[in-house]
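As structure tokens, the structure follows; a few thoughts come after it.
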Amino acid sequence: MHKVKMNTWLLAISSMAVVGCAAVSDNSSQPPVAKSSSMFVKTDGVIPFDDKYRRKWGAAVVSDVDQNGWEDVITTQHGTNALIYWNEGGTFSEPVVLIKGDTHGLGVSDYNGDGKVDIVVAQGGGDGGNPRQPAYFTVSKDRTIERLGTFNHFRPGRGRSIKFIDANSDAALDLLVTGYAPKKAKKLTTNQLYGNVGGEFHDPITLSIPHDALSMKAFTTDVNNDGKIDVIAHSGRDLTLSVSNGDGTFTDSTEAVFGELAQLKFVNSITEVDYDNDGDFDLFLNRSPFQFEEEAYYNSETRDFAFFAFRDKFMFDNLTIEGDNLVIENIQETWATYDIQLGQARKVIEATRTENYTDGKLIIKPEEAKGWPEGEELKGMHIGYLGNGEWRVGGYVKSRLSAVIKNVTSQPKELKRKPLPPKLLENQNGKFVDVTKSLGINITEQTTNAAAGDFNNDGFVDLAITPYGNMAHNVAHMVFMNKGGKRFEQHIDAGLDSEEVGATGVGITTIDYDQDGRLDLVFGNERGRWYLAKNQLPASKLGQYIVITVAASPKSNAQPIGARVDISACGFKQSQLVGASGESFHHMLKTRLHFGLGDCDVIDNINVTWSNGETKTLTNVKVGQTVAL
């Protein structure tokens, strides 16, 4: 017997399960985690992330790379490597290096349909001086990784995003790459769509070129519910929409679909979320500019002064330091263009570092840094002791430099980022309308990323949101719960606080790593760490759920990315696209689609539609299980 509704705030679920139902239960086989009253709790050692503070390139990528039924995690350490952590039934292996060097956007799929997972990695261009093309790999089910080469026929550039689209509905995934052009290039963007012909990419077309060359991130979705995937280019001072015609061509529909909203500045990432379950895809826009401006923050409680400088002169107020020595932590520079120098004598020193230019630390005695080189050109970071516990920090860098100065008792001037609230845009018949305030999303600070998922399984999709943050504080990632598609409320105790200082939020991704029916989160910070947070809501606060895994289509082997899954249960409908995430640099092969169902006990039907139009339907499906399509 079907229950009549899906509750927003669930009543306690009785331990007397309905026949055919599988209520969510705690997975006691996993390594123990700290007890907490929060919604999520950070795990220790489930994924063996190291504790080094590193630069990142986007959120963690979640995909079942070895096709064993458990989603793996790939992280990109900007300028260092990309690492794969294999999911071995709810715990993860030590990391395996996929690629070393300056790695950017990363896409996962089986674009040639041979049954092996392919990974395409956008490579950096040496600040424009060393333009490169994407590298590509294949991964077998036994976890053998083979680098197949580089797409040497692609236009070289400074790689950014990797996205897969079946642009002409022929069951073959085409490849969209975005980038920033090399120095002295006539065209500043390299947003190219390469057609897939027999498993190889050829004949590129240029999609809508943004007015701002910094709009070099890409987001894919279906804005008009026609079964064809469209592309939004964003991240600069505007955004553009290329609507698919289904034949490999696109139409610039920016003005028609977004109107004045196309002028929204600095959209860092876009998350697809059908918040009201009406069958079309709404958009949550995180907004924050690139890190191009000087920043400075002070925490009077911890007495930490954190700063960021970029390709320019910088000089802060003189700092009064308590204690005998000056202590500077989490010193990070993109590349060391100049030295760290002390006092009037310009004594060159090296920070103690764990690896390359990661997480440096200095302890400086006053006698080592006496005076200041007045009237002389400053190159690098200069540190001087002026007497009476007073210190000065300033200089000039050609790259990014950040650090945290400890035990500051004076009140230095702060250079904070301006408020830039995110936007929730409702899809109303293929056009977008700003509903942020009316739905209670009252965030004023800058945000960088978000992940959509039904964290309490009530049948309505919630949002986990990454703020840019305050560098003198730890980054506290947020959760906003969806109240029946009518409004959102921030969860007071999300449990997603980071430990490091001097970092900014970079990204967050959903994963049910232990397959206990609760969506967990992987999150991380720029110049900080990666974390895995376990969803620890008890069964009494959770609704029913279904997990639907989508493989290639049965007739034409159309790959799952871009396939649409619709479910109908207890009078409600929900829809998701395979491969959807809030990450605009990476494309994830997320074939496990998690649907919360509230107190519904049977699903009327499940329908999947692949990119080439093939469909498959299941009816009268029991909840609390994983269904393979």
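Relative contact order of the stretch 232-278, please, whole-number percent, based on alpha carbon pairs below 8 angstrom and at least 6 residues apart.
Relative contact order of the stretch 232-278: 40 percent.
I'd like to know how the stretch 208-297 sits against the 2.2 N^0.38 Å rule of thumb: what's its Cα Rg over that expected value?
That ratio works out to 1.16.
Tabulate in residue order the Karplus-calculated ³J(HN,Hα) for the stretch 491-506, using 6.51 cos²θ - 1.76 cosθ + 1.60 with θ = phi - 60°, rounded to whole Hz; enter x for Gly and Pro.
So the J values, rounded to whole Hz, are 6, 5, 10, 6, x, 10, 6, 8, 9, 7, 10, x, 10, 10, x, 10.
Given contacts defined as C-alpha pairs under 8 Å and at least six residues apart, what's the relative contact order of the chain, whole-number percent?
The normalised contact order for the chain reaches 18 percent.
Any idea of the accessible area per residue across the chain, 1.4 Å probe, to the nearest Å²? Each step should come with its number before you reach the end.
Details: 24250 Å² over 629 residues.
In whole numbers, the chain has 39 Å² accessible per residue.
Three principal axis extents, largest first, for the C-alpha atoms of the stretch 422-499, in Å?
Largest first, the stretch 422-499 extends 43, 26, 17 Å along its Cα principal axes.
At 4 °C and 1.567 mPa s, what whole-number value in µm²/s does Stokes-Einstein give for the translational diffusion of the chain, with Rh from the Kirkwood sum over Cα pairs? Write down the numbers at each step before the final one.
Numbers: Rh = 25.3 Å.
This corresponds to a translational diffusion coefficient of 51 µm²/s.
Apply the Kirkwood formula to the stretch 563-629: the hydrodynamic radius equals the inverse of the mean of 1/r over all pairs of different alpha-carbon atoms; give it in Å with one decimal. Before the final figure, lay out each step's value.
Working: mean 1/r = 0.0775 Å⁻¹.
Computed over the stretch 563-629, the radius equals 12.9 Å.
Give the shape of the stretch 45-157 as rounded, prolate or oblate, defined through the alpha-carbon gyration tensor: a ≥ b ≥ c are the square roots of its eigenvalues, a/c under 1.5 means rounded, and otherwise the shape is prolate if a/b is larger than b/c and oblate if not.
oblate
In the stretch 97-176, if the dipole is taken from +1 on Lys/Arg beta carbons and -1 on Asp/Glu beta carbons about the Cα centre, which of 153, 173, 122 is farthest to the positive end?
122
Would you list 71, 200, 301 from the most to the least accessible area, probe 1.4 Å?
Correct descending sequence by accessible area is 301, 200, 71.
Can you order the peptides 111-121, 524-534, 214-224 by their average number of other Cβ atoms within 10 Å per residue, highest first?
Those peptides, ordered most packed to least, come out 524-534, 214-224, 111-121.
Local charge sum around residue 592 (other residues, Cβ-Cβ under 10 Å, Lys/Arg +1, Asp/Glu -1)? Kindly include the intermediate steps, with their values, before the conclusion.
Working: positive: 590; negative: 64, 71, 512.
Net local charge, residue 592 excluded: -2.
Taking the C-alpha atoms of the stretch 300-415, how large are the radius of gyration and the largest Cα-Cα span, Dmax, in Å?
Cα radius of gyration and Dmax of the stretch 300-415 are 13.0, 36 Å respectively.
Quick check: net charge around residue 483, other residues with Cβ under 12 Å of its Cβ, Lys/Arg +1 and Asp/Glu -1?
It works out to a net charge of -2.
Given the pairs 313/423; 141/541; 370/413; 573/616; 116/555; 483/541, which are separated by over 26 angstrom at their Cα positions?
Going by Cα-Cα distance, 313/423; 141/541 fall outside the 26 Å limit.
Can you pull the Rg over Rh of the stretch 265-366, Cα-only, Kirkwood?
My calculation of the ratio gives 1.15.
Given a 1.4 Å probe and the protein chains all in place, what does the accessible area of residue 249 round to, in Å² to the nearest 10?
60
For the stretch 135-257, rounded, prolate or oblate, judged on the Cα gyration tensor with a ≥ b ≥ c (square roots of eigenvalues), a/c < 1.5 rounded, else prolate if a/b > b/c?
Oblate, since a/c reaches 1.5 and b/c is not below a/b.
For the stretch 393-545, compute the orientation-averaged projected area of the C-alpha convex hull (one quarter of its surface), in nm².
It is 12.5 nm².
Under a cut-off of 22 Å between alpha-carbon atoms, report the lysines in cross-link reach of residue 365, not counting same-chain residues fewer than 8 places apart.
Candidates past the 8-residue exclusion: 347, 379, 406.
Counting pairs of alpha carbon atoms under 8 Å apart in space and at least six apart in sequence, what relative contact order in percent does the stretch 556-604 give?
36
For the stretch 496-629, compute Rh as the Kirkwood radius over C-alpha pairs and then the Stokes-Einstein diffusion coefficient at 10 °C and 1.306 mPa s; write the answer in µm²/s, rounded to an integer.
97
What are the ³J(HN,Hα) couplings of the stretch 94-102, residue after residue, when phi is run through the Karplus curve with 6.51, -1.76, 1.60 and θ = phi - 60°? Round to Hz, x for glycine and proline.
5, x, 10, 6, 7, 7, 9, x, 7
Please compute the alpha carbon radius of gyration of the stretch 41-108, then divide it by the globular-protein estimate 2.2 N^0.38 Å. Two decimals is fine.
Output field value: 1.08.
Treat the stretch 472-557 as a sphere of radius equal to its Kirkwood radius over Cα pairs and apply Stokes-Einstein at 4 °C in a medium of 1.567 mPa s; give the translational diffusion coefficient in µm²/s, rounded to a whole number.
Translational diffusion coefficient: 84 µm²/s.
The values are calculated or read from the model by the stated rules, or taken from the named source; none is laboratory data. Remember, predicted model here, so these are calculated numbers, not experimental data. Heads up, the Cβs are rebuilt from the backbone with ideal geometry, glycines too, and the neighbour counts pull from every protein chain shown. Side chains included, ligands, DNA and RNA excluded: accessible areas come from the protein's heavy atoms. Shrake-Rupley method; radii C 1.70, N 1.55, O 1.52, S 1.80 Å.
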